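The structure appears right after this line, and notes come after that.
The values are calculated or read from the model by the stated rules, or taken from the named source; none is laboratory data. Since the structure is predicted, the reported quantities are computational estimates derived from the model, not experimental observations. Virtual Cβ from ideal backbone geometry, glycine too; neighbours counted across all protein chains shown.
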Amino acid sequence: MALYWIYPSIFILYAVRPCLGLRNYPDNEVTLLDSVSALGDLGWEAYPAEGWEEISVMDERNTPMRTYQVCNVMEANQNNWLRTGLIPRHGAQRVYVEIKFTLRDCNSLPGVPGTCKETFNVYYHESNSETPPPLRHLRESQYLKIDTIAADESFTQTDVGDRVMKLNTEVRDIGGLTKRGIYLAFQDLGACIALVSVRVFYKRCPLAVLNLARFADTVTGGDSALVEVRGACLEDAEELEPPRMFCSADGGWLVPIGRCVCRPGFEEVDGHCQPCRSGFYKASAMDAYCVKCPPHSYSHQDKASECVCERGFYRAETDPRSMACTRPPSAPGTPISTANETAVTLEWSPPRDSGGRGDVTYSVHCAGARRKTELLPRTTYSFSVEALNGVSHLSPSPRTLATVNVTTSQTVSVVLKERRSKDSITLAWHGPDSSEGNVLEYEVTYYEKNQRDQNYTVLKTKANVMTVDGLKPGTTYVFRVRARTEGGHGNYGGEIELETSHEDMLAVGDPNQSTILAASVAGGIVLLVLLVACFVVSGRHCGYIKAKQDPEEEKMQFQHGRVNLPGSRTYIHPHTYEDPNQAVRDFAQEIDVSNIRIERVIGAGEFGEVCSGRLRLPSKREIHVAIKSLKAGYTEQQRRDFLSEASIMGQFDHPNIIRLEGVVTRCKPVMIITEYMENGSLDTFLKKHDGQFTVLQLLGMLRGIAAGMQYLSEMNYVHRDLAARNILVNSNLVSKVSDFGLSRVLEDDPDAAYTTRGGKIPIRWTAPEAIAYRKFTSASDVWSYGIVMWEVISYGERPYWEMSNQDVIKAIDEGYRLPAPMDCPVVMHQLMLDCWEKNRSERPKFGQIVSTLDRLIRSPSCLKPLANSAVWEDPPSPEAGVSTVEDWLESIKMSQYKDHFTTAGYVTLDSVLYVSASELGKLGVALAGHQKKILTSIQSLQAQQQGTHVQV
Ligand code: ACK
């Protein structure tokens, strides 16, 4: 019979009451069961009857509280079970069980036998049913053990007397739940326990509002995976970029991406969108704040996305909403005219009021013109000039015009005939139309061609024929004729060039011939006259016209979408070609398949096999090549993607970029031929030769990669997948950047993971801005370069080891950076850290990286100080105080080898103290980097044993 529990029950609970306090739980925990706040009978089942007993006590607020106790310490063979009712899990895949209990110290109970226990067991059983089989039929195998619970603090009777209570709190979690709920069961094997409270809860990320988006209450994932949650824009906000966040397993929100912005007419105030006040407006969601209405406009109501123009003022369709409302201009000044017989020039002053705009144009209307392009002589025309601007068409008010009447002067239409001799030329012409008035005389002007400035002669006659004498033989003269009437002089009828003959001849030839010649000359002059008659006002024809200035155009030379600036070579993206095959033809040489000899398969690429072989081009020596082929059954898209690598690679020419030899496209399989790199990809190469190179050799490889990347960045090419696996190494240890295909970003990269936005990105190598919003630049390539440095110095170690991608994202966001690998010079780690600057503009450029590495190679003494920290946070001697092999391996982050050690019989810490490198290899620690780490730690353990301390 329970001898001891009566007094503990009273004292335990009395003493414990204040400790329970008001039950306020963190808001990321959702309680599924809380024995303290349960009203009425808990309904838990206990078996056998003399085991667990329910005790009701009053808590500090005098509400009854249910507790269970058992204290059969005097009797052996106890097996007392207590089982809860079904606790529904409400969709949670992982639940937590928090148990508060007190436990009597066996030693404090006088006369208890050795069977007294100081632990109890907790089990669970998943079920869809609310009616479990009776507890007396319980079989242990149906229940899964959560843990054996021991007290951190047990108490003695004295404690109780002194009211110093030792309330223990233990929390355990159960994952991977799928059924409706769980039953918890507590098994007592002979201890003196009081279960003060049992709480079951799951974790959630509570409703959060960030970047104007609401993220719903989210149940955390079952394992450690993050749950991606799409946010919904708050009221009056709209998506700028889809808002997303990740709910972590411990109920915290991580990595916000995207955001909402307040829609037009609203502005952000204290994390919410508020309407613009009257008199203010916000035209675009992209604007941050509401601003005052521009001049001559108003908004009488809230939420204005634009302001309304005052009466008489307007806004043109293309006017920005921030521009003042404007009105049509006033009339221009009255025009002043200058006219000859076929042309009128009008001048006017600008309107006094431009309407508040700078885009005033003029419209000129000419009434009375017979044809649009021609004015008649001696005719009166009425011209009206109107000033217009960008809002004139919106105004209903009548337009204000400035008008003027102009009469053209008379014209002279001249037809010339000629007769020539050695020293004279005879001209004849038709006078103007008699309707234009009587001709008083004609004026003939001539001069020797090319001598105009020196001398010209004016002759007058009433007749319409004249012989000009005294001319030089074989000389060309220029003649013009005009008529004078009562109205004054008309215009010259145009110029005619005639040459005197070289010798005397009877020049009056066949009269018909003479007429033909004259007619053709006359034709030329009429044409000239007509050309003059084309009426021009400000260079425009008559009618309604608008004079406007052509905008200055900046012209650049584009080639397939790329600007080619003189002196710089720019990479041309194959997508800018309408025909991708043309890109291949432009950048890759077609190789006749008969020139290729395939030797062996060396690997598998995304599109097919990679082989090594020989290429012999006519009149060249045979070279060793790598041959990538496109496997049969490809689609046209796959063929294009495959060949895109050749169109890209073919544009590069640099010793640290893999060289394209050519392509085979005319027969199948389609192939890409590149130079052969004897040592294959850098990551495998380094793993194979772990620890075998000097720092200078590693630096040399890194320098090559940086030089190749400098070249690519100068060509404006962004690689996006720079990683040691995409660097190839030749027999001279020259490293070259490879992998340029379009689809490879990053379908064929096993390290690429899908991001929240659907793209595939090699998270561990990629800069945060490229992961978050795909900002891929040469600066993000620099970040990746920093990771490559780390891979090289650590001989192919996986960046961030076994951390999950999401943990990497989180850690980087929180400012963590990879520590220096083993034996890494401080300067190299510093260069890595520079490449991993959060702000991409603060990262070094590839050119600077090359210079830095050159400097280090020239002064190797700078490489002497080693960073020498092999663990994440660089704690001193991580193995200090460990007592088991398991803890030790965990302390140096090598717990993946736990089973290797156990299987090989290393079960105590003492036994590992003398393990050698070769034994490590035998027991399965293959990576030399890991061997080194473990051996160094063993040295540290030995030092601890001897009382000295060695820092790892
Ligand atoms: O690590 P690896 O030996 O180097 O295995 C991969 C495999 O083909 C699939 O990509 C190797 N490889 C690719 N291009 C070349 C090349 N130009 N020279 C030598 N090996 C190459 C790569």
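When you check VAL729 against the structure, is it within 30 Å of GLU590 (Cα to Cα), touching a strand residue (DSSP E or B) at 6+ places or on another chain (Cβ under 7 Å) and within 15 Å of the ligand (Cβ to nearest atom), yes or no? Against the criterion (within 30 Å of GLU590 (Cα to Cα), touching a strand residue (DSSP E or B) at 6+ places or on another chain (Cβ under 7 Å) and within 15 Å of the ligand (Cβ to nearest atom)), VAL729 qualifies.
In this structure, SER735 qualifies as touching a residue at least 40 places away in the same chain (Cβ under 8 Å) and within 13 Å of the ligand (Cβ to nearest atom).
Among residues of the stretch 595-609 that are under 14 Å from VAL670 (Cα atoms), those with a Cβ under 9 angstrom from a residue that is within 6 Å of the ligand (Cβ to nearest atom), sequence gap 6+ or separate chain, pair up as GLU609/ILE602; GLU609/GLY603.
Say whether the condition of being part of a loop (DSSP other than H, G, I, E, B) and over 39 Å from the mean Cα position of the chain (by Cα) is met by at least one residue in the stretch 279-286. Can you show your working first?
At the first step, the residues of the stretch 279-286 found to be part of a loop (DSSP other than H, G, I, E, B) are 279, 282-286.
Right, trim to over 39 Å from the mean Cα position of the chain (by Cα) and you get none.
No: zero hits.
Test LEU617 against the criterion of being in a helix (DSSP H, G or I) and away from the ligand (no atom under 16 Å from the Cβ), and give yes or no. No; evaluated as a whole, the condition is false for this residue. Take the conditions within 27 Å of SER794 (Cβ to Cβ) and surrounded by fewer than 17 Cβ atoms within 10 Å (Cβ to Cβ) and apply them to ASN656. Does it pass? Criteria not met by ASN656.
Does the stretch 69-92 contain at least one residue that is assigned to a loop (DSSP other than H, G, I, E, B), within 58 Å of the chain's Cα centre (by Cα), closer than 22 Å to THR169 by Cα and among the hydrophobic types (A, V, I, L, M, F, W, C)? No.
Filter the stretch 93-110 down to residues that are in a strand (DSSP E or B) and either in contact with an Asp or Glu (Cβ under 7 Å, 6 or more places away or on another chain) or of a type outside the set (Ser, Thr, Tyr) (or both), then give me how many there are. Walk me through it before giving the result.
As a first pass, look at the stretch 93-110 and keep what is in a strand (DSSP E or B): 95-104.
Now narrow it down to the ones that are either in contact with an Asp or Glu (Cβ under 7 Å, 6 or more places away or on another chain) or of a type outside the set (Ser, Thr, Tyr) (or both): 95-101, 103-104.
Number satisfying all stated conditions: 9.
To keep it simple, each residue is scored yes or no on (1) hydrophobic (A, V, I, L, M, F, W, C); (2) exposed (fewer than 15 other Cβ atoms within 10 Å of the Cβ); (3) modelled with pLDDT of 80 or more.
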position	(1), (2), (3)
TYR7	no, yes, no
ALA46	yes, no, yes
TRP52	yes, no, yes
GLN78	no, no, yes
TRP81	yes, no, yes
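Looking at ILE627, ILE596, ILE648, just one residue is surrounded by 15 or more Cβ atoms within 10 Å (Cβ to Cβ) and within 11 Å of the ligand (Cβ to nearest atom), and that residue is ILE627. Scanning the stretch 82-105 for residues that are of a type outside the set (Val, Ile, Thr), farther than 19 Å from ALA150 by Cβ and in contact with a Gly (Cβ under 9 Å, 6 or more places away or on another chain) returns GLY85, LEU86, PRO88, ARG89, HIS90, ALA92, GLN93, ARG94. Taking the stretch 888-931 as the region of interest, the helices (runs of 4 or more DSSP H) fully inside it that hold 1 or more residues being over 26 Å from ASP683 (Cα atoms) and of a type in the set (A, V, I, L, M, F, W, C) are 898-903, 909-912.
Taking the criterion of being over 24 Å from GLY613 (Cα atoms), within 16 Å of the ligand (Cβ to nearest atom) and not in a helix (DSSP H, G or I), the residues of the stretch 654-699 that qualify are HIS689, ASP690. Inclusion of TYR795 among residues that are crowded, with 23+ Cβ neighbours inside 10 Å and not in a loop (DSSP other than H, G, I, E, B) is not warranted. Only a single criterion out of (1) within 28 Å of the chain's Cα centre (by Cα); (2) surrounded by fewer than 22 Cβ atoms within 10 Å (Cβ to Cβ); (3) within 16 Å of the ligand (Cβ to nearest atom) is not satisfied by SER713, namely (3). Could you please let me know if ALA723 is more than 16 Å from the ligand (Cβ to nearest atom), crowded, with 20+ Cβ neighbours inside 10 Å and in contact (Cβ under 8 Å) with a residue 40 or more places away in the chain? Spelling it out, it is not the case that ALA723 is more than 16 Å from the ligand (Cβ to nearest atom), crowded, with 20+ Cβ neighbours inside 10 Å and in contact (Cβ under 8 Å) with a residue 40 or more places away in the chain. Taking the stated definitions as given, is MET715 out of contact with any strand residue (DSSP E or B) (no Cβ under 8 Å at 6 or more places or on another chain) and at pLDDT 90 or above? Answer is yes for this residue.
Entry remark, the stretch 112-128: residues being touching a residue at least 24 places away in the same chain (Cβ under 8 Å) and assigned to a loop (DSSP other than H, G, I, E, B) number 6 in total. THR570 meets all of the listed conditions (1) farther than 20 Å from LEU643 by Cβ; (2) within 16 Å of the ligand (Cβ to nearest atom); (3) under 41 Å from the mean Cα position of the chain (by Cα) but one, namely (2).
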